[in-house]
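One structure is given below, encoded as structure tokens.
The values are calculated or read from the model by the stated rules, or taken from the named source; none is laboratory data. In this text, all values refer to a predicted model and were calculated from it rather than measured experimentally. Glycine also receives a Cβ, built like all others from the backbone with ideal geometry; neighbour counts cover every protein chain displayed.
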Amino acid sequence: MPRARKGAEQAEKNAYRSLYLTELARGSSHIASTLSPQTQRIAIAEIVDEFCTQHGADKLVIFRELLAESLEKRNQPGAAQAVLNFKPD
């Protein structure tokens, strides 16, 4: 059963990745282009706020996870961790 559950979770994740494709591309690009921890935090806050406005806070957990994965693929592990650890003011 764990294998089936993992497959279902991956399928759900892929569906959300497709649904939020534009937001993930824009967000990961914006965050990856920052030059300091301060501007990175501002960029993350902007992306999170815009996402919540468009899609609601209830989908934020999966979006942040996908955004972090996108940043990892851009060779930005520090930015990915910052997204996962982000707490709004």
Check on Leu60, surrounded by 11 or more Cβ atoms within 10 Å (Cβ to Cβ) and either among the aliphatic types (A, V, I, L, M) or in contact with a strand residue (DSSP E or B) (Cβ under 9 Å, 6 or more places away or on another chain) (or both): yes
Residue pairs within 6 Å by beta carbon, gap of at least six or interchain, first lying in the stretch 1-12 and within 18 Å of Glu69 (Cα to Cα), second part of a loop (DSSP other than H, G, I, E, B) and at pLDDT below 75, listed first then second, are none
Arg3: passes all of (1) modelled with pLDDT of 95 or more; (2) surrounded by fewer than 12 Cβ atoms within 10 Å (Cβ to Cβ) but (1)
For the stretch 62-75, state whether one or more residues are farther than 21 Å from Lys13 by Cα and either among the hydroxyl-bearing types (Ser, Thr, Tyr) or in contact (Cβ under 8 Å) with a residue 40 or more places away in the chain (or both).
no
